[in-house]
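Note sheet for the following structure.
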Amino acid sequence: MANRLALFDCDGTLADSQAAICVSMEGAFEDMERKAPVRGDIRRIVGLSLFEAMRVLVPEGDEALHMGLVERYKDRFRTMRQNGLLEEPLFDGIAGVLTQLDEAGWLLGVATGKSKRGLDGLLHTHGLSALFVTLQTADGHPSKPHPAMVEAAMAEAGAEPETTIVIGDTSFDMVMARSAAAHALGVAWGYHDPAELLRAGAQAVADRPQDISTILESMI
(Lines give C-alpha, C1' and ligand atoms only; values in the text may rest on other atoms or scores of the structure.)
Protein backbone atom coordinates (compact mmCIF):
# COMPACT_ATOMS: atom_id res chain seq x y z
CA MET A 1 0.00 0.00 0.00
CA ALA A 2 1.48 3.34 -1.03
CA ASN A 3 1.93 6.01 1.61
CA ARG A 4 -0.72 8.70 1.97
CA LEU A 5 0.76 12.12 1.22
CA ALA A 6 -0.82 15.47 2.10
CA LEU A 7 1.09 18.00 0.01
CA PHE A 8 0.48 21.60 1.11
CA ASP A 9 1.02 24.88 -0.66
CA CYS A 10 2.59 27.44 1.67
CA ASP A 11 1.66 31.10 1.04
CA GLY A 12 -2.11 31.49 1.36
CA THR A 13 -2.59 27.93 2.63
CA LEU A 14 -0.31 27.39 5.62
CA ALA A 15 0.75 30.99 6.20
CA ASP A 16 -0.66 34.44 5.60
CA SER A 17 2.26 36.01 3.77
CA GLN A 18 0.38 38.55 1.69
CA ALA A 19 1.59 41.66 3.55
CA ALA A 20 5.25 40.73 3.16
CA ILE A 21 4.75 39.76 -0.47
CA CYS A 22 2.87 42.93 -1.37
CA VAL A 23 5.33 45.26 0.38
CA SER A 24 8.32 43.53 -1.23
CA MET A 25 6.68 43.61 -4.66
CA GLU A 26 5.81 47.29 -4.37
CA GLY A 27 9.40 48.02 -3.34
CA ALA A 28 10.78 46.05 -6.27
CA PHE A 29 8.73 48.08 -8.73
CA GLU A 30 9.76 51.31 -7.01
CA ASP A 31 13.42 50.31 -7.31
CA MET A 32 12.95 49.66 -11.03
CA GLU A 33 11.12 53.00 -11.42
CA ARG A 34 7.93 51.28 -12.49
CA LYS A 35 4.36 51.79 -11.30
CA ALA A 36 3.50 49.01 -8.88
CA PRO A 37 0.53 46.74 -9.59
CA VAL A 38 -2.50 47.04 -7.35
CA ARG A 39 -2.49 44.62 -4.42
CA GLY A 40 -5.35 42.58 -5.84
CA ASP A 41 -3.20 41.76 -8.88
CA ILE A 42 -0.21 40.96 -6.68
CA ARG A 43 -2.24 38.52 -4.58
CA ARG A 44 -3.40 36.71 -7.69
CA ILE A 45 0.15 35.75 -8.70
CA VAL A 46 1.09 34.31 -5.29
CA GLY A 47 2.17 30.72 -5.85
CA LEU A 48 3.92 31.27 -9.17
CA SER A 49 7.70 31.33 -9.34
CA LEU A 50 9.02 34.89 -9.22
CA PHE A 51 10.03 35.13 -12.86
CA GLU A 52 6.66 33.81 -14.03
CA ALA A 53 4.91 36.18 -11.61
CA MET A 54 6.75 39.16 -13.12
CA ARG A 55 5.81 38.02 -16.61
CA VAL A 56 2.15 37.99 -15.59
CA LEU A 57 2.34 41.36 -13.83
CA VAL A 58 4.26 43.06 -16.67
CA PRO A 59 3.32 41.16 -19.84
CA GLU A 60 4.77 43.88 -22.06
CA GLY A 61 8.18 43.71 -20.35
CA ASP A 62 11.25 41.93 -21.65
CA GLU A 63 13.40 39.32 -19.90
CA ALA A 64 15.82 41.92 -18.56
CA LEU A 65 13.01 43.83 -16.85
CA HIS A 66 11.49 40.67 -15.41
CA MET A 67 14.84 39.49 -14.06
CA GLY A 68 15.53 42.93 -12.61
CA LEU A 69 12.21 42.88 -10.79
CA VAL A 70 12.95 39.40 -9.46
CA GLU A 71 16.29 40.48 -8.03
CA ARG A 72 14.85 43.65 -6.48
CA TYR A 73 12.02 41.62 -4.94
CA LYS A 74 14.51 39.20 -3.39
CA ASP A 75 16.54 42.13 -2.05
CA ARG A 76 13.48 43.73 -0.48
CA PHE A 77 12.29 40.45 1.06
CA ARG A 78 15.77 39.68 2.39
CA THR A 79 16.04 43.14 3.95
CA MET A 80 12.71 42.67 5.72
CA ARG A 81 13.94 39.37 7.15
CA GLN A 82 17.29 40.80 8.26
CA ASN A 83 15.61 43.76 9.95
CA GLY A 84 13.17 41.57 11.84
CA LEU A 85 10.19 42.99 9.92
CA LEU A 86 9.11 39.81 8.15
CA GLU A 87 5.76 38.53 9.42
CA GLU A 88 4.30 35.31 7.97
CA PRO A 89 1.82 34.07 10.59
CA LEU A 90 0.19 30.67 10.27
CA PHE A 91 -3.54 30.69 9.66
CA ASP A 92 -5.47 29.88 12.83
CA GLY A 93 -5.77 26.15 13.31
CA ILE A 94 -3.14 25.10 10.76
CA ALA A 95 -0.53 23.91 13.28
CA GLY A 96 -3.08 21.68 14.97
CA VAL A 97 -4.23 20.21 11.66
CA LEU A 98 -0.66 19.32 10.67
CA THR A 99 -0.07 17.57 14.00
CA GLN A 100 -3.38 15.73 13.71
CA LEU A 101 -2.57 14.48 10.20
CA ASP A 102 0.92 13.41 11.25
CA GLU A 103 -0.49 11.44 14.17
CA ALA A 104 -3.05 9.81 11.84
CA GLY A 105 -0.27 8.41 9.67
CA TRP A 106 -0.27 10.90 6.81
CA LEU A 107 3.08 11.93 5.37
CA LEU A 108 3.30 15.71 4.99
CA GLY A 109 4.99 17.77 2.31
CA VAL A 110 5.13 21.26 0.88
CA ALA A 111 5.05 22.38 -2.76
CA THR A 112 5.58 26.12 -3.00
CA GLY A 113 6.67 28.95 -5.23
CA LYS A 114 8.87 30.19 -2.36
CA SER A 115 12.61 29.69 -2.35
CA LYS A 116 14.09 26.87 -0.25
CA ARG A 117 15.63 29.46 2.06
CA GLY A 118 12.30 31.22 2.50
CA LEU A 119 10.41 28.01 3.19
CA ASP A 120 13.01 26.70 5.62
CA GLY A 121 12.90 30.00 7.50
CA LEU A 122 9.12 29.98 7.80
CA LEU A 123 8.93 26.35 8.97
CA HIS A 124 11.73 26.91 11.48
CA THR A 125 10.08 30.04 12.85
CA HIS A 126 6.87 28.13 13.55
CA GLY A 127 8.54 24.94 14.77
CA LEU A 128 7.13 22.82 11.96
CA SER A 129 10.24 21.58 10.16
CA ALA A 130 10.23 18.09 11.66
CA LEU A 131 6.69 17.36 10.45
CA PHE A 132 7.50 17.38 6.74
CA VAL A 133 9.12 14.54 4.80
CA THR A 134 9.41 16.36 1.46
CA LEU A 135 9.87 20.04 0.59
CA GLN A 136 9.57 21.13 -3.03
CA THR A 137 10.32 24.75 -3.93
CA ALA A 138 10.70 27.05 -6.89
CA ASP A 139 14.49 26.68 -6.70
CA GLY A 140 14.50 23.29 -8.38
CA HIS A 141 11.34 23.09 -10.46
CA PRO A 142 9.34 24.83 -13.18
CA SER A 143 6.67 27.20 -11.92
CA LYS A 144 3.25 25.94 -10.94
CA PRO A 145 1.03 24.66 -12.47
CA HIS A 146 3.69 22.34 -13.94
CA PRO A 147 3.37 18.99 -12.09
CA ALA A 148 7.10 18.54 -11.38
CA MET A 149 6.88 19.45 -7.68
CA VAL A 150 4.07 16.96 -7.07
CA GLU A 151 5.88 14.21 -8.95
CA ALA A 152 9.10 14.79 -7.01
CA ALA A 153 7.24 14.87 -3.69
CA MET A 154 5.49 11.58 -4.43
CA ALA A 155 8.79 9.94 -5.34
CA GLU A 156 10.44 11.13 -2.12
CA ALA A 157 7.49 10.10 0.06
CA GLY A 158 6.80 6.74 -1.56
CA ALA A 159 3.29 7.84 -2.52
CA GLU A 160 1.23 7.30 -5.66
CA PRO A 161 -1.10 9.79 -7.39
CA GLU A 162 -4.15 8.00 -6.02
CA THR A 163 -2.80 8.36 -2.44
CA THR A 164 -1.65 11.98 -2.79
CA ILE A 165 -3.75 15.07 -2.09
CA VAL A 166 -2.54 18.57 -2.95
CA ILE A 167 -3.98 21.22 -0.63
CA GLY A 168 -3.81 24.79 -1.90
CA ASP A 169 -5.50 28.15 -2.23
CA THR A 170 -4.96 28.93 -5.92
CA SER A 171 -6.02 27.58 -9.27
CA PHE A 172 -2.30 26.97 -9.94
CA ASP A 173 -2.29 24.38 -7.15
CA MET A 174 -5.40 22.65 -8.44
CA VAL A 175 -4.15 22.42 -12.03
CA MET A 176 -0.76 21.21 -10.78
CA ALA A 177 -2.42 18.45 -8.78
CA ARG A 178 -4.64 17.23 -11.58
CA SER A 179 -1.77 17.39 -14.08
CA ALA A 180 0.06 14.93 -11.82
CA ALA A 181 -3.11 12.77 -11.57
CA ALA A 182 -3.27 13.51 -7.82
CA HIS A 183 -6.29 14.61 -5.80
CA ALA A 184 -6.92 18.33 -5.33
CA LEU A 185 -8.36 20.05 -2.24
CA GLY A 186 -8.87 23.81 -2.30
CA VAL A 187 -8.95 26.09 0.73
CA ALA A 188 -11.23 29.12 1.05
CA TRP A 189 -8.98 31.44 3.09
CA GLY A 190 -6.31 32.16 0.46
CA TYR A 191 -5.90 34.21 -2.70
CA HIS A 192 -8.31 32.63 -5.23
CA ASP A 193 -12.02 32.22 -4.50
CA PRO A 194 -13.67 28.79 -4.09
CA ALA A 195 -15.56 28.94 -7.40
CA GLU A 196 -12.29 29.45 -9.25
CA LEU A 197 -10.69 26.55 -7.39
CA LEU A 198 -13.55 24.24 -8.34
CA ARG A 199 -13.32 25.29 -11.99
CA ALA A 200 -9.59 24.54 -11.91
CA GLY A 201 -10.15 20.97 -10.70
CA ALA A 202 -10.62 21.04 -6.93
CA GLN A 203 -12.67 18.07 -5.77
CA ALA A 204 -13.69 19.96 -2.63
CA VAL A 205 -12.95 23.23 -0.85
CA ALA A 206 -12.30 23.44 2.90
CA ASP A 207 -13.94 26.44 4.52
CA ARG A 208 -11.72 26.28 7.63
CA PRO A 209 -8.37 24.65 8.44
CA GLN A 210 -10.19 22.44 10.95
CA ASP A 211 -12.13 20.85 8.07
CA ILE A 212 -9.03 19.56 6.26
CA SER A 213 -8.54 16.31 8.18
CA THR A 214 -12.12 15.12 7.72
CA ILE A 215 -12.12 15.95 4.02
CA LEU A 216 -8.81 14.20 3.40
CA GLU A 217 -10.02 11.02 5.09
CA SER A 218 -13.11 11.06 2.85
CA MET A 219 -11.04 11.44 -0.33
CA ILE A 220 -8.72 8.45 0.14
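If LEU135, LEU108 are ordered by their accessible area, calculated over protein heavy atoms with a 1.4 Å probe, which sequence runs from highest to lowest?
LEU135, LEU108
What's the local net charge at LEU122, with K and R +1, D and E -1, over the other residues with C-beta under 13 Å away?
Around LEU122, the charge tally is -2.
Given the options SER17, SER115, SER143, state which has the largest fluctuation in a GNM of the chain using a 10 Å cut-off (strictly under) for Cα springs.
SER115
Under a point spin-label approximation (7 Å from Cα along Cα-to-Cβ), what is the LYS74-ALA181 distance to one decimal in nm?
About 3.6 nm, to one decimal.
So if each residue of separation counts as 0.36 nm, and I subtract the Cα-Cα distance between SER218 and VAL56, what length gain in nm does that give?
Difference between extended and current length: 54.7 nm.
May I ask you to give the percent of accessible area on the chain that is carbon plus sulfur, with a probe radius of 1.4 Å?
Percent of accessible area from carbon and sulfur atoms in the chain: 49.
For the stretch 5-86, what is the Kirkwood hydrodynamic radius in Å, using each pair of distinct C-alpha atoms?
13.1 Å
At a Förster radius of 25 Å, what calculated FRET efficiency corresponds to the Cβ-Cβ distance of ARG208 and ALA130, to the nearest 0.05?
0.50
Which value, in debye to the nearest 20, describes the size of the charge dipole of the chain about its Cα centre when Lys and Arg Cβ atoms bear +1, Asp and Glu Cβ atoms bear -1, and nothing else is charged?
The dipole magnitude comes to about 240 debye.
Pop the C-beta distance of ASP102 and ASP139 into the FRET formula with R0 = 25 Å and round what comes out to the nearest 0.05.
0.50
Hey, how many Å between the Cα centroid of the stretch 6-56 and the Cα centroid of the stretch 101-129?
Centre-to-centre distance over Cα atoms comes out at 20 Å.
How much accessible area per residue does the stretch 64-220 have, counting only protein heavy atoms and a probe of 1.4 Å, in square angstrom?
Heavy-atom accessible area per residue stands at 43 Å².
Stretched out fully, how many nm does the piece from TRP189 to ALA2 gain, at 0.36 nm a residue minus the Cα gap?
64.3 nm is the gain from fully extending TRP189 to ALA2.
Let's test this: bin the Cα-Cα distances of the stretch 100-198 at 5 Å from zero up to the farthest pair and state each bin's percent.
Bin by bin from 0 Å, the calculated values are 2, 13, 23, 25, 23, 12, 2.
Per residue of the stretch 93-99, in order, report the coupling 6.51 cos²θ - 1.76 cosθ + 1.60 (Karplus, θ = phi - 60°) as ³J(HN,Hα) in whole Hz, putting x for Gly and Pro.
Working through the residues one at a time gives x, 5, 4, x, 5, 4, 5 Hz.
The values are calculated or read from the model by the stated rules, or taken from the named source; none is laboratory data. Just so it is clear, the structure is predicted and the values come from calculations on it, not from any experiment. Quick reminder, even Gly has a Cβ in these numbers, built from the backbone with ideal geometry, and neighbours come from all protein chains shown. Heavy atoms of the whole protein, side chains included, go into the accessibility calculation; ligands, DNA and RNA do not. Shrake-Rupley method; radii C 1.70, N 1.55, O 1.52, S 1.80 Å.
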